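The values are calculated or read from the model by the stated rules, or taken from the named source; none is laboratory data. Since this is a predicted model, take the numbers as computed values, not measurements. No Cβ is skipped: glycine too gets one built from the backbone with ideal geometry, and neighbour counts run over all protein chains shown. Side chains are part of the model used for accessible areas, which takes the heavy atoms of the whole protein and leaves out ligands, DNA and RNA. Shrake-Rupley method; radii C 1.70, N 1.55, O 1.52, S 1.80 Å.
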Amino acid sequence: QIETNKIENELKDLEKQINDYSSEKYTSRFFALLGDSGMGKTWSCMKVAMELYDENTTLRPIYLDLRHFAASELIEKDFDWKEIIKIVINSSVHTYKKEASIAIVFDIIKSGKAFVIFDGLDEVTVHLKDDRRVNKFIKELKEVALLNKNNKILFSCRTHYFRSIKEQFSVLRGQDRDSTQNNDFTSLELLPFSWEQIEEYCKKQKIKFKVFNDIVKSIHNLEEMAQRPYSLKLITLQIRKLECLVSAGEIVNSSDIYLNIIDESLNRDDGKHTLSKVHKPLIMRELAAYMWKQGLVELEYPDLDEWFSNWLNKNQHISNEYINESREKLKSDLRGATFIIRPHSNIFRFSHTSLYEFFLAWYLFESLKKENIQNFNMNIPSNETMEFFVMLLIRDTCNINISKCFNSLVEYNSSFVFEIYLIMNSLKYELNFNPKFNIVNKCYSERIISGKTVKSIIIEDSTFYDSNFSNATLQNIIFKNVTFEKCNFLNTIIKAVVFKNCTFKKSTIRYSEENSCIFDTITYDNCTLLT
(Lines give C-alpha, C1' and ligand atoms only; values in the text may rest on other atoms or scores of the structure.)
Protein backbone atom coordinates (compact mmCIF):
# COMPACT_ATOMS: atom_id res chain seq x y z
CA GLN A 1 0.00 0.00 0.00
CA ILE A 2 1.36 3.42 -0.96
CA GLU A 3 0.44 6.72 0.63
CA THR A 4 -0.64 8.63 -2.48
CA ASN A 5 -0.43 12.09 -0.93
CA LYS A 6 3.09 11.46 0.31
CA ILE A 7 4.20 10.33 -3.15
CA GLU A 8 2.67 13.37 -4.81
CA ASN A 9 4.50 15.66 -2.39
CA GLU A 10 7.78 13.83 -2.96
CA LEU A 11 7.31 14.10 -6.71
CA LYS A 12 6.89 17.86 -6.38
CA ASP A 13 10.01 18.10 -4.24
CA LEU A 14 12.30 15.86 -6.25
CA GLU A 15 12.07 15.35 -10.01
CA LYS A 16 14.92 12.89 -10.15
CA GLN A 17 15.22 11.07 -13.45
CA ILE A 18 16.20 7.42 -13.08
CA ASN A 19 16.32 4.55 -15.51
CA ASP A 20 13.03 2.92 -16.33
CA TYR A 21 12.45 -0.20 -14.31
CA SER A 22 10.83 -3.07 -16.17
CA SER A 23 9.95 -6.48 -14.87
CA GLU A 24 12.61 -8.01 -17.14
CA LYS A 25 15.31 -6.21 -15.14
CA TYR A 26 14.18 -7.74 -11.86
CA THR A 27 16.07 -10.98 -12.30
CA SER A 28 17.66 -10.93 -8.82
CA ARG A 29 15.80 -11.75 -5.63
CA PHE A 30 17.31 -8.94 -3.53
CA PHE A 31 18.15 -5.36 -4.43
CA ALA A 32 20.09 -2.79 -2.44
CA LEU A 33 19.48 0.87 -3.33
CA LEU A 34 22.39 2.74 -1.77
CA GLY A 35 23.22 6.41 -1.63
CA ASP A 36 24.62 9.22 0.45
CA SER A 37 22.51 11.44 2.65
CA GLY A 38 20.04 13.49 0.65
CA MET A 39 20.44 11.49 -2.57
CA GLY A 40 16.73 10.75 -2.99
CA LYS A 41 16.55 7.11 -1.86
CA THR A 42 12.98 7.39 -0.56
CA TRP A 43 11.77 9.13 -3.69
CA SER A 44 13.43 6.50 -5.88
CA CYS A 45 11.82 3.68 -3.88
CA MET A 46 8.42 5.25 -4.38
CA LYS A 47 9.21 5.72 -8.07
CA VAL A 48 9.97 1.99 -8.39
CA ALA A 49 6.71 1.14 -6.60
CA MET A 50 4.65 3.43 -8.83
CA GLU A 51 6.17 2.13 -12.06
CA LEU A 52 5.70 -1.49 -11.03
CA TYR A 53 2.10 -0.71 -10.13
CA ASP A 54 1.50 0.71 -13.64
CA GLU A 55 3.33 -2.08 -15.48
CA ASN A 56 1.73 -5.19 -16.84
CA THR A 57 3.54 -7.55 -14.49
CA THR A 58 2.65 -10.14 -11.92
CA LEU A 59 4.83 -8.35 -9.32
CA ARG A 60 2.81 -6.34 -6.80
CA PRO A 61 4.74 -3.51 -5.13
CA ILE A 62 4.49 -3.18 -1.35
CA TYR A 63 6.19 -0.02 -0.08
CA LEU A 64 7.09 -0.11 3.63
CA ASP A 65 8.70 2.85 5.41
CA LEU A 66 10.82 1.29 8.15
CA ARG A 67 10.90 4.56 10.12
CA HIS A 68 7.50 3.55 11.49
CA PHE A 69 8.99 0.39 12.97
CA ALA A 70 12.01 2.27 14.32
CA ALA A 71 9.64 4.36 16.45
CA SER A 72 7.80 1.34 17.89
CA GLU A 73 8.38 -0.53 21.14
CA LEU A 74 8.91 -3.78 19.21
CA ILE A 75 12.35 -2.63 18.16
CA GLU A 76 13.58 -3.84 21.55
CA LYS A 77 11.96 -7.29 21.26
CA ASP A 78 12.49 -10.43 19.15
CA PHE A 79 11.92 -9.75 15.48
CA ASP A 80 9.16 -11.32 13.41
CA TRP A 81 8.62 -10.20 9.82
CA LYS A 82 4.83 -10.40 10.14
CA GLU A 83 4.86 -8.10 13.18
CA ILE A 84 7.26 -5.71 11.46
CA ILE A 85 4.93 -5.39 8.47
CA LYS A 86 1.89 -4.99 10.73
CA ILE A 87 3.52 -2.16 12.67
CA VAL A 88 4.50 -0.30 9.50
CA ILE A 89 1.08 -0.69 7.86
CA ASN A 90 -0.82 0.25 11.02
CA SER A 91 1.31 3.36 11.36
CA SER A 92 1.18 4.49 7.74
CA VAL A 93 -2.12 3.47 6.11
CA HIS A 94 -5.02 5.81 6.76
CA THR A 95 -7.34 5.48 3.76
CA TYR A 96 -8.06 1.75 4.04
CA LYS A 97 -9.21 -0.56 6.78
CA LYS A 98 -6.02 -1.65 8.52
CA GLU A 99 -6.89 -5.29 9.05
CA ALA A 100 -7.99 -5.66 5.43
CA SER A 101 -4.77 -4.02 4.23
CA ILE A 102 -2.59 -6.35 6.29
CA ALA A 103 -4.49 -9.38 5.07
CA ILE A 104 -4.08 -8.28 1.43
CA VAL A 105 -0.32 -7.80 1.89
CA PHE A 106 0.14 -11.21 3.47
CA ASP A 107 -1.87 -12.85 0.66
CA ILE A 108 0.37 -11.22 -1.95
CA ILE A 109 3.51 -12.40 -0.14
CA LYS A 110 2.24 -15.96 0.26
CA SER A 111 1.26 -16.14 -3.41
CA GLY A 112 4.80 -15.22 -4.53
CA LYS A 113 3.75 -12.00 -6.26
CA ALA A 114 5.34 -9.51 -3.86
CA PHE A 115 8.01 -6.93 -4.59
CA VAL A 116 8.52 -5.64 -1.04
CA ILE A 117 10.36 -2.35 -0.68
CA PHE A 118 11.88 -1.87 2.76
CA ASP A 119 12.78 1.81 2.67
CA GLY A 120 15.35 3.03 5.20
CA LEU A 121 17.10 -0.09 6.48
CA ASP A 122 19.49 2.10 8.48
CA GLU A 123 16.53 3.88 10.09
CA VAL A 124 16.11 0.73 12.21
CA THR A 125 19.57 -0.80 12.41
CA VAL A 126 21.10 2.44 13.73
CA HIS A 127 18.99 1.94 16.87
CA LEU A 128 19.98 -1.67 17.45
CA LYS A 129 22.45 -2.43 20.20
CA ASP A 130 24.84 -4.80 18.46
CA ASP A 131 25.67 -6.58 15.20
CA ARG A 132 23.87 -9.71 16.30
CA ARG A 133 20.52 -7.91 16.42
CA VAL A 134 21.26 -6.15 13.14
CA ASN A 135 21.83 -9.52 11.44
CA LYS A 136 18.70 -10.95 13.04
CA PHE A 137 16.59 -8.04 11.83
CA ILE A 138 17.82 -8.25 8.23
CA LYS A 139 17.46 -12.04 8.23
CA GLU A 140 13.84 -11.68 9.35
CA LEU A 141 13.08 -9.24 6.54
CA LYS A 142 14.65 -11.61 4.01
CA GLU A 143 12.23 -14.31 5.12
CA VAL A 144 9.63 -12.51 3.00
CA ALA A 145 11.57 -13.51 -0.13
CA LEU A 146 12.67 -16.88 1.18
CA LEU A 147 9.04 -17.79 1.92
CA ASN A 148 8.40 -17.92 -1.84
CA LYS A 149 11.18 -17.95 -4.42
CA ASN A 150 9.19 -15.62 -6.71
CA ASN A 151 9.07 -12.79 -4.15
CA LYS A 152 11.62 -10.02 -4.38
CA ILE A 153 12.94 -7.44 -1.89
CA LEU A 154 14.52 -4.02 -2.23
CA PHE A 155 16.41 -2.48 0.69
CA SER A 156 17.33 1.20 0.69
CA CYS A 157 20.16 2.32 2.94
CA ARG A 158 22.82 4.99 3.26
CA THR A 159 26.15 3.73 1.95
CA HIS A 160 28.05 5.12 4.91
CA TYR A 161 25.98 3.23 7.47
CA PHE A 162 28.30 0.27 6.90
CA ARG A 163 31.92 0.41 8.06
CA SER A 164 33.17 -0.93 4.72
CA ILE A 165 31.99 -2.39 1.43
CA LYS A 166 32.99 -5.82 2.69
CA GLU A 167 30.73 -5.36 5.73
CA GLN A 168 27.96 -4.02 3.50
CA PHE A 169 27.73 -7.20 1.44
CA SER A 170 28.41 -9.44 4.40
CA VAL A 171 25.51 -7.97 6.39
CA LEU A 172 23.08 -8.04 3.47
CA ARG A 173 24.00 -11.65 2.72
CA GLY A 174 23.49 -12.62 6.37
CA GLN A 175 27.20 -13.19 7.13
CA ASP A 176 27.05 -16.06 4.58
CA ARG A 177 25.06 -18.12 7.09
CA ASP A 178 21.84 -18.40 5.08
CA SER A 179 21.02 -19.59 1.59
CA THR A 180 21.56 -16.17 -0.01
CA GLN A 181 24.20 -16.18 -2.74
CA ASN A 182 26.15 -13.35 -4.35
CA ASN A 183 24.18 -13.56 -7.58
CA ASP A 184 20.93 -13.19 -5.62
CA PHE A 185 21.81 -9.51 -5.05
CA THR A 186 21.89 -6.48 -7.29
CA SER A 187 23.32 -3.26 -5.85
CA LEU A 188 22.32 0.13 -7.22
CA GLU A 189 24.02 3.36 -6.18
CA LEU A 190 22.45 6.78 -6.66
CA LEU A 191 24.73 9.39 -8.23
CA PRO A 192 24.66 13.21 -7.88
CA PHE A 193 22.59 15.34 -10.24
CA SER A 194 24.14 16.69 -13.40
CA TRP A 195 23.91 20.43 -13.96
CA GLU A 196 21.39 19.76 -16.78
CA GLN A 197 19.15 17.93 -14.29
CA ILE A 198 19.46 20.84 -11.86
CA GLU A 199 18.34 23.22 -14.61
CA GLU A 200 15.34 21.00 -15.36
CA TYR A 201 14.48 20.89 -11.65
CA CYS A 202 14.59 24.69 -11.44
CA LYS A 203 12.25 24.99 -14.41
CA LYS A 204 9.70 22.69 -12.78
CA GLN A 205 9.98 24.66 -9.54
CA LYS A 206 9.40 27.88 -11.57
CA ILE A 207 12.79 29.22 -10.52
CA LYS A 208 14.74 31.28 -13.03
CA PHE A 209 17.79 29.15 -13.70
CA LYS A 210 20.01 32.13 -14.47
CA VAL A 211 19.17 33.63 -11.07
CA PHE A 212 19.76 30.28 -9.36
CA ASN A 213 22.98 29.71 -11.28
CA ASP A 214 24.36 33.18 -10.49
CA ILE A 215 23.54 33.00 -6.78
CA VAL A 216 24.74 29.42 -6.23
CA LYS A 217 28.02 29.98 -8.05
CA SER A 218 28.65 33.21 -6.17
CA ILE A 219 28.52 31.48 -2.77
CA HIS A 220 31.36 29.17 -1.84
CA ASN A 221 30.88 25.55 -2.95
CA LEU A 222 27.07 25.65 -3.12
CA GLU A 223 27.42 24.31 -6.66
CA GLU A 224 28.67 20.97 -5.30
CA MET A 225 25.92 20.79 -2.68
CA ALA A 226 23.26 21.57 -5.28
CA GLN A 227 24.06 18.26 -7.00
CA ARG A 228 22.46 16.32 -4.15
CA PRO A 229 18.66 16.20 -4.32
CA TYR A 230 17.92 17.10 -0.71
CA SER A 231 20.55 19.84 -0.57
CA LEU A 232 19.14 21.18 -3.85
CA LYS A 233 15.71 21.26 -2.25
CA LEU A 234 17.03 23.19 0.77
CA ILE A 235 18.87 25.68 -1.43
CA THR A 236 15.86 26.28 -3.68
CA LEU A 237 13.67 26.82 -0.62
CA GLN A 238 15.98 29.72 0.24
CA ILE A 239 16.64 30.90 -3.31
CA ARG A 240 13.76 33.37 -3.50
CA LYS A 241 14.81 34.95 -0.23
CA LEU A 242 18.38 35.09 -1.49
CA GLU A 243 17.20 36.64 -4.76
CA CYS A 244 15.35 39.35 -2.84
CA LEU A 245 18.41 40.07 -0.73
CA VAL A 246 20.66 40.26 -3.78
CA SER A 247 18.17 42.47 -5.64
CA ALA A 248 18.05 44.78 -2.61
CA GLY A 249 21.80 45.04 -2.64
CA GLU A 250 22.21 43.05 0.58
CA ILE A 251 25.33 40.98 1.19
CA VAL A 252 24.50 37.27 1.20
CA ASN A 253 26.33 35.55 4.02
CA SER A 254 27.17 31.97 3.10
CA SER A 255 27.32 30.97 6.77
CA ASP A 256 23.57 31.59 7.10
CA ILE A 257 22.87 29.21 4.24
CA TYR A 258 25.12 26.48 5.65
CA LEU A 259 23.67 26.81 9.16
CA ASN A 260 20.17 26.50 7.70
CA ILE A 261 21.17 23.46 5.65
CA ILE A 262 22.70 21.78 8.72
CA ASP A 263 19.64 22.56 10.84
CA GLU A 264 17.20 21.32 8.18
CA SER A 265 19.22 18.14 7.66
CA LEU A 266 19.10 17.34 11.37
CA ASN A 267 15.38 18.10 11.54
CA ARG A 268 14.83 15.79 8.58
CA ASP A 269 16.36 12.94 10.57
CA ASP A 270 13.94 13.35 13.50
CA GLY A 271 13.12 9.95 14.93
CA LYS A 272 16.43 8.34 14.07
CA HIS A 273 18.70 10.32 16.38
CA THR A 274 20.44 8.58 19.23
CA LEU A 275 22.96 11.37 19.61
CA SER A 276 20.98 14.56 20.14
CA LYS A 277 20.59 17.26 17.50
CA VAL A 278 22.40 19.62 19.86
CA HIS A 279 25.46 17.39 20.18
CA LYS A 280 25.82 16.37 16.53
CA PRO A 281 27.05 19.78 15.24
CA LEU A 282 29.45 19.92 18.20
CA ILE A 283 30.82 16.46 17.35
CA MET A 284 31.21 17.41 13.69
CA ARG A 285 33.10 20.58 14.65
CA GLU A 286 35.45 18.62 16.88
CA LEU A 287 35.96 15.91 14.24
CA ALA A 288 36.77 18.51 11.56
CA ALA A 289 39.35 20.12 13.86
CA TYR A 290 40.92 16.76 14.70
CA MET A 291 41.20 15.78 11.04
CA TRP A 292 42.71 19.13 10.05
CA LYS A 293 45.26 19.01 12.84
CA GLN A 294 46.23 15.51 11.69
CA GLY A 295 46.40 16.64 8.06
CA LEU A 296 43.57 14.28 7.03
CA VAL A 297 40.65 14.53 4.66
CA GLU A 298 39.57 10.93 5.26
CA LEU A 299 39.59 8.49 8.17
CA GLU A 300 39.60 4.71 8.17
CA TYR A 301 36.81 3.35 10.33
CA PRO A 302 39.04 2.01 13.16
CA ASP A 303 40.55 5.49 13.49
CA LEU A 304 37.11 7.13 13.47
CA ASP A 305 35.94 4.62 16.07
CA GLU A 306 38.96 5.33 18.29
CA TRP A 307 38.60 9.10 17.94
CA PHE A 308 34.92 9.02 18.92
CA SER A 309 35.56 6.79 21.94
CA ASN A 310 38.34 9.09 23.12
CA TRP A 311 36.17 12.16 22.55
CA LEU A 312 33.35 10.71 24.66
CA ASN A 313 35.82 9.84 27.42
CA LYS A 314 37.17 13.41 27.44
CA ASN A 315 33.67 14.89 27.49
CA GLN A 316 32.12 13.02 30.37
CA HIS A 317 29.38 15.63 30.86
CA ILE A 318 28.10 14.69 27.38
CA SER A 319 28.87 11.00 27.68
CA ASN A 320 26.81 10.83 30.90
CA GLU A 321 23.71 11.83 28.96
CA TYR A 322 23.97 8.55 27.03
CA ILE A 323 24.68 6.29 29.99
CA ASN A 324 21.79 3.99 29.00
CA GLU A 325 22.89 3.73 25.37
CA SER A 326 25.53 1.31 24.09
CA ARG A 327 28.65 2.74 22.49
CA GLU A 328 27.95 0.73 19.33
CA LYS A 329 24.55 2.35 19.01
CA LEU A 330 26.09 5.80 19.34
CA LYS A 331 28.75 4.92 16.75
CA SER A 332 26.10 3.69 14.33
CA ASP A 333 24.28 7.00 14.67
CA LEU A 334 27.55 8.85 14.11
CA ARG A 335 28.08 6.97 10.85
CA GLY A 336 24.51 7.03 9.61
CA ALA A 337 22.90 10.29 10.67
CA THR A 338 25.50 13.03 10.76
CA PHE A 339 27.44 14.67 7.94
CA ILE A 340 30.01 11.99 7.16
CA ILE A 341 29.81 9.35 4.47
CA ARG A 342 31.68 6.22 3.42
CA PRO A 343 32.58 6.76 -0.26
CA HIS A 344 34.44 3.45 -0.58
CA SER A 345 35.84 0.52 1.37
CA ASN A 346 36.08 1.45 5.08
CA ILE A 347 37.06 5.09 4.52
CA PHE A 348 34.94 7.91 5.97
CA ARG A 349 34.96 11.62 5.11
CA PHE A 350 32.66 14.60 5.31
CA SER A 351 29.85 14.40 2.76
CA HIS A 352 31.06 17.67 1.21
CA THR A 353 34.43 19.38 1.29
CA SER A 354 32.54 22.59 1.99
CA LEU A 355 30.91 21.06 5.07
CA TYR A 356 34.34 19.95 6.32
CA GLU A 357 35.57 23.52 5.86
CA PHE A 358 32.46 25.03 7.42
CA PHE A 359 32.54 22.83 10.53
CA LEU A 360 36.25 23.63 10.97
CA ALA A 361 35.51 27.36 10.66
CA TRP A 362 32.63 26.97 13.13
CA TYR A 363 34.98 25.20 15.57
CA LEU A 364 37.47 28.07 15.35
CA PHE A 365 34.74 30.69 15.72
CA GLU A 366 33.31 29.02 18.84
CA SER A 367 36.86 28.76 20.21
CA LEU A 368 37.34 32.49 19.68
CA LYS A 369 34.04 33.34 21.35
CA LYS A 370 34.92 31.24 24.38
CA GLU A 371 38.52 32.50 24.33
CA ASN A 372 39.86 28.95 23.98
CA ILE A 373 42.88 30.37 22.19
CA GLN A 374 44.87 27.12 22.51
CA ASN A 375 42.52 25.58 19.92
CA PHE A 376 44.24 27.73 17.28
CA ASN A 377 47.36 25.60 17.59
CA MET A 378 47.15 24.31 14.03
CA ASN A 379 48.27 25.10 10.51
CA ILE A 380 46.27 27.89 8.91
CA PRO A 381 43.29 26.25 7.19
CA SER A 382 42.25 26.75 3.57
CA ASN A 383 41.25 30.16 2.33
CA GLU A 384 37.67 28.90 2.04
CA THR A 385 37.67 27.89 5.72
CA MET A 386 38.99 31.29 6.73
CA GLU A 387 36.30 32.96 4.65
CA PHE A 388 33.64 30.91 6.46
CA PHE A 389 35.23 31.97 9.75
CA VAL A 390 35.02 35.63 8.77
CA MET A 391 31.39 35.19 7.65
CA LEU A 392 30.50 33.69 11.04
CA LEU A 393 32.34 36.54 12.71
CA ILE A 394 30.50 39.18 10.68
CA ARG A 395 27.22 37.43 11.41
CA ASP A 396 27.74 37.50 15.18
CA THR A 397 29.86 40.58 15.93
CA CYS A 398 27.33 41.98 18.39
CA ASN A 399 27.76 38.94 20.66
CA ILE A 400 31.53 38.89 21.04
CA ASN A 401 34.18 41.33 22.14
CA ILE A 402 36.23 41.31 18.94
CA SER A 403 39.00 43.56 20.20
CA LYS A 404 39.55 41.51 23.35
CA CYS A 405 39.42 38.18 21.53
CA PHE A 406 41.79 39.22 18.76
CA ASN A 407 44.27 40.86 21.10
CA SER A 408 44.56 37.52 22.88
CA LEU A 409 44.77 35.56 19.64
CA VAL A 410 47.34 37.79 17.98
CA GLU A 411 49.79 37.02 20.80
CA TYR A 412 49.16 33.26 20.46
CA ASN A 413 48.97 32.89 16.67
CA SER A 414 49.58 36.14 14.85
CA SER A 415 49.37 34.46 11.44
CA PHE A 416 45.70 33.60 12.00
CA VAL A 417 44.82 37.20 12.74
CA PHE A 418 46.81 38.46 9.77
CA GLU A 419 44.91 36.08 7.50
CA ILE A 420 41.60 37.21 9.01
CA TYR A 421 42.71 40.81 8.59
CA LEU A 422 43.38 40.26 4.88
CA ILE A 423 40.00 38.64 4.26
CA MET A 424 38.05 41.20 6.26
CA ASN A 425 39.79 44.00 4.42
CA SER A 426 38.89 42.44 1.06
CA LEU A 427 35.25 42.34 2.22
CA LYS A 428 35.45 46.01 3.25
CA TYR A 429 34.77 45.07 6.85
CA GLU A 430 36.57 46.94 9.60
CA LEU A 431 38.08 45.20 12.60
CA ASN A 432 38.16 48.47 14.53
CA PHE A 433 41.52 47.75 16.14
CA ASN A 434 45.13 47.72 15.02
CA PRO A 435 46.77 44.43 15.94
CA LYS A 436 50.54 44.04 16.19
CA PHE A 437 51.45 41.28 13.77
CA ASN A 438 54.45 39.04 14.17
CA ILE A 439 54.67 36.90 11.04
CA VAL A 440 58.38 36.19 10.97
CA ASN A 441 59.35 33.52 8.43
CA LYS A 442 55.76 33.17 7.18
CA CYS A 443 54.84 32.88 3.50
CA TYR A 444 51.87 34.80 2.13
CA SER A 445 51.95 33.86 -1.52
CA GLU A 446 50.06 30.59 -1.95
CA ARG A 447 47.77 31.52 0.94
CA ILE A 448 46.75 34.76 -0.69
CA ILE A 449 46.52 33.61 -4.30
CA SER A 450 43.59 31.21 -4.54
CA GLY A 451 44.39 28.29 -6.83
CA LYS A 452 46.00 29.42 -10.09
CA THR A 453 44.53 32.91 -10.12
CA VAL A 454 46.71 35.99 -9.90
CA LYS A 455 44.11 38.28 -8.38
CA SER A 456 45.77 40.43 -5.78
CA ILE A 457 44.54 41.05 -2.27
CA ILE A 458 44.03 44.78 -1.86
CA ILE A 459 44.52 46.36 1.55
CA GLU A 460 43.23 49.91 1.84
CA ASP A 461 43.19 52.50 4.60
CA SER A 462 44.79 50.29 7.22
CA THR A 463 47.50 50.82 9.80
CA PHE A 464 50.10 48.20 10.62
CA TYR A 465 51.60 49.28 13.92
CA ASP A 466 54.73 47.81 15.50
CA SER A 467 54.47 44.68 13.31
CA ASN A 468 57.30 42.35 12.42
CA PHE A 469 57.44 41.05 8.84
CA SER A 470 61.13 40.07 8.89
CA ASN A 471 62.08 37.05 6.78
CA ALA A 472 58.46 36.72 5.68
CA THR A 473 57.35 36.37 2.06
CA LEU A 474 54.74 38.75 0.69
CA GLN A 475 53.48 38.19 -2.85
CA ASN A 476 50.74 39.55 -5.12
CA ILE A 477 49.44 42.11 -2.64
CA ILE A 478 48.41 45.69 -3.30
CA PHE A 479 48.83 48.00 -0.32
CA LYS A 480 46.90 51.21 -0.94
CA ASN A 481 46.69 54.19 1.43
CA VAL A 482 48.31 52.10 4.16
CA THR A 483 50.46 53.37 7.00
CA PHE A 484 53.25 51.15 8.32
CA GLU A 485 54.41 52.52 11.68
CA LYS A 486 57.33 51.02 13.62
CA CYS A 487 57.29 47.98 11.31
CA ASN A 488 60.21 45.68 10.58
CA PHE A 489 60.75 44.52 6.98
CA LEU A 490 64.27 43.24 7.59
CA ASN A 491 65.15 40.59 4.95
CA THR A 492 61.50 40.41 3.88
CA ILE A 493 60.99 38.88 0.44
CA ILE A 494 58.55 41.11 -1.43
CA LYS A 495 57.44 39.83 -4.85
CA ALA A 496 54.90 41.46 -7.19
CA VAL A 497 53.76 43.75 -4.39
CA VAL A 498 52.49 47.27 -5.04
CA PHE A 499 52.76 50.02 -2.43
CA LYS A 500 50.58 52.96 -3.55
CA ASN A 501 50.13 56.13 -1.50
CA CYS A 502 51.68 54.39 1.48
CA THR A 503 53.51 55.89 4.41
CA PHE A 504 56.36 54.22 6.28
CA LYS A 505 56.93 55.75 9.73
CA LYS A 506 59.87 54.81 11.93
CA SER A 507 60.13 51.48 10.07
CA THR A 508 63.12 49.40 9.06
CA ILE A 509 63.24 48.23 5.46
CA ARG A 510 65.93 46.22 3.71
CA TYR A 511 65.61 46.26 -0.07
CA SER A 512 67.49 43.68 -2.14
CA GLU A 513 67.62 42.65 -5.80
CA GLU A 514 65.58 39.55 -4.96
CA ASN A 515 62.61 41.78 -4.25
CA SER A 516 60.39 42.92 -7.10
CA CYS A 517 58.08 45.53 -5.71
CA ILE A 518 56.62 48.74 -7.06
CA PHE A 519 56.78 51.87 -4.91
CA ASP A 520 54.32 54.49 -6.13
CA THR A 521 53.92 57.80 -4.25
CA ILE A 522 55.59 56.60 -1.09
CA THR A 523 56.24 58.73 1.95
CA TYR A 524 59.12 57.81 4.24
CA ASP A 525 58.98 59.37 7.67
CA ASN A 526 62.03 58.81 9.82
CA CYS A 527 62.66 55.30 8.37
CA THR A 528 65.79 53.18 8.21
CA LEU A 529 66.43 52.07 4.63
CA LEU A 530 68.99 49.28 4.17
CA THR A 531 70.42 47.95 0.92
Pick out the one residue from Lys280, Lys272 that is modelled with pLDDT under 85, basic (Lys, Arg) and surrounded by 18 or more Cβ atoms within 10 Å (Cβ to Cβ). Lys272
Filter pass, Thr125 being modelled with pLDDT under 80, of a type in the set (S, T, N, Q) and within 19 Å of Gly336 (Cβ to Cβ): no
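Here is a yes/no grid of residues against (1) modelled with pLDDT of 90 or more; (2) under 30 Å from Met39 (Cβ atoms); (3) open to solvent by less than 10 Å² (accessible area, probe 1.4 Å); (4) over 24 Å from the mean Cα position of the chain (by Cα):
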| position | (1), (2), (3), (4) |
| --- | --- |
| Ala361 | yes, yes, yes, no |
| Leu368 | no, no, yes, no |
| Asn375 | yes, no, no, no |
| Ser382 | no, yes, no, no |
| Val410 | no, no, no, yes |
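Matching residues to (1) more than 21 Å from the chain's Cα centre (by Cα); (2) at pLDDT below 85; (3) closer than 30 Å to Arg29 by Cβ:
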{"position": "Arg177", "(1), (2), (3)": "yes, yes, yes"}
{"position": "Glu200", "(1), (2), (3)": "yes, no, no"}
{"position": "Lys206", "(1), (2), (3)": "yes, no, no"}
{"position": "Ser231", "(1), (2), (3)": "no, yes, no"}
{"position": "Leu234", "(1), (2), (3)": "no, yes, no"}
{"position": "Leu237", "(1), (2), (3)": "no, yes, no"}
In segment 115-157, residues that are in contact (Cβ under 8 Å) with a residue 40 or more places away in the chain, open to solvent by less than 10 Å² (accessible area, probe 1.4 Å) and touching a helix residue (DSSP H, G or I) at 6+ places or on another chain (Cβ under 8 Å) total 21
Checking the condition open to solvent by less than 10 Å² (accessible area, probe 1.4 Å) and either free of Cβ contacts under 8 Å to residues at least 12 places away in the same chain or not acidic (Asp, Glu) (or both), which residue from Ser72, Ser91, Ser101 passes? Ser101
Within segment 343-351, is there a residue that is assigned to a helix (DSSP H, G or I) and either under 29 Å from Trp307 (Cα atoms) or in contact with a Leu (Cβ under 9 Å, 6 or more places away or on another chain) (or both)? no
List, please: which pairs have Cβ atoms under 6 Å, are six or more places apart or on different chains, and start with a residue in segment 227-252 that is closer than 20 Å to Gly40 by Cα and among the hydrophobic types (A, V, I, L, M, F, W, C) and end with one that is open to solvent by 70 Å² or more (accessible area, probe 1.4 Å) and in a helix (DSSP H, G or I)? Leu234/Glu264
Can you tell me how many residues within segment 109-136 are outside any helix (DSSP H, G or I) and not acidic (Asp, Glu)? 13
Assess whether Ile198 counts as being open to solvent by less than 10 Å² (accessible area, probe 1.4 Å), of a type in the set (A, V, I, L, M, F, W, C) and in contact with a Pro (Cβ under 8 Å, 6 or more places away or on another chain). no
From the set of residues in segment 496-514 that are open to solvent by less than 70 Å² (accessible area, probe 1.4 Å) and part of a strand (DSSP E or B), which is modelled with the lowest pLDDT? Ala496
Restricting attention to segment 291-306, the residues that are buried (at least 17 other Cβ atoms within 10 Å of the Cβ) and of a type outside the set (D, E, K, R) number exactly 5
Among the residues of segment 15-55, the number that are at pLDDT 80 or above, assigned to a helix (DSSP H, G or I), more than 17 Å from Tyr201 (Cβ to Cβ) and open to solvent by 40 Å² or more (accessible area, probe 1.4 Å) is 3
Look at segment 253-266 and say how many of its residues are in contact with a Leu (Cβ under 7 Å, 6 or more places away or on another chain) and in contact (Cβ under 8 Å) with a residue 60 or more places away in the chain. 1
So, of the residues in segment 483-495 that are part of a loop (DSSP other than H, G, I, E, B) and open to solvent by 50 Å² or more (accessible area, probe 1.4 Å), which turns out to be modelled with the highest pLDDT? Lys486
Is it the case that some residue within segment 331-341 is of a type in the set (Val, Ile, Thr), in contact with a helix residue (DSSP H, G or I) (Cβ under 8 Å, 6 or more places away or on another chain) and farther than 29 Å from Glu387 by Cβ? no
